[in-house]
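See below for the structure under consideration.
Please treat every number below as a calculation from the coordinates, not as lab data. Quantities reported herein were computed from a predicted structural model and do not represent experimental measurements. Heads up, the Cβs are rebuilt from the backbone with ideal geometry, glycines too, and the neighbour counts pull from every protein chain shown.
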Amino acid sequence: MLPEKADRIAEMGIDTITVTVNAVDPEIQAKICSYIIWNGKKIDGIEGAKILIENQLKGIKAVADAGVIVKINSVLIPGINDRHIKEVARVTGELGANILNIIPLIPQNELADIPAPDCAMIERVRLEAGEYLEVFRHCKHCRADACGVPGKGQDIHDKLYDKRAVETFSHG
């Protein structure tokens, strides 16, 4: 929905967004995400991957053109996209993305049988992608509700929410 929401994002004063892009090739994306839900319909395989990628790329361009800083997250999946993330960096960088965060796979669910990437693979992919887009190197595995300032060790959860259910900060 990013292309449809790009103007609203900029109007609201949001100055930075993160978009997860694991592939820009539908055949690779279909190995990562087996289906999408689009306009209330389940769309499988390469057809779904094409729709997802098209909307991600249009949305990245639209918000970048509106002056929003765009961080790309890519999950590094050995044997699937480890030779492709530099292409993700090239394409998204050309569209206006500002920085790339490469996140090592945590093997689970449909990808449970794929081993996590080792440090050498992570470094290789970071160097390759870094030819096209600045690579963010401060991230640790975290939950989606982590709240903080990367590199500052500051948790701002209490400023955003009424109560603390669990410790969520992991951006150290």
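Things worth noting here:
- Hey, residue 28 over 14 Å from the mean Cα position of the chain (by Cα) and free of Cβ contacts under 8 Å to residues at least 12 places away in the same chain or not: no
- Leading residue by the ranking (nearest to residue 108 (Cα to Cα)) among those in segment 50-90 that are hydrophobic (A, V, I, L, M, F, W, C) and in a loop (DSSP other than H, G, I, E, B): 77
- Looking only at segment 61-79, residues that are small (Gly, Ala, Ser) and touching a helix residue (DSSP H, G or I) at 6+ places or on another chain (Cβ under 7 Å) come to 4 in all.
- Filtered by the rule that a residue be under 18 Å from the mean Cα position of the chain (by Cα) and part of a helix (DSSP H, G or I), segment 91-109 gives 91, 92, 93, 94.
- Filtered by the rule that a residue be more than 21 Å from residue 14 (Cβ to Cβ), buried (at least 22 other Cβ atoms within 10 Å of the Cβ) and small (Gly, Ala, Ser), segment 75-106 gives a lone residue, 89.
- Residue-level check: of (1) farther than 21 Å from residue 137 by Cβ; (2) surrounded by 17 or more Cβ atoms within 10 Å (Cβ to Cβ), residue 47 misses just (2).
- Among the residues of segment 50-101, the one identified as over 17 Å from residue 129 (Cβ atoms) and of a type in the set (S, T, N, Q) is 55.
- Residue that is in contact with a strand residue (DSSP E or B) (Cβ under 8 Å, 6 or more places away or on another chain) and hydrophobic (A, V, I, L, M, F, W, C), where the choices are 51, 46: 51
- Filtered by the rule that a residue be closer than 16 Å to residue 87 by Cβ, aliphatic (A, V, I, L, M) and in a loop (DSSP other than H, G, I, E, B), segment 6-33 gives 21, 23, 24.
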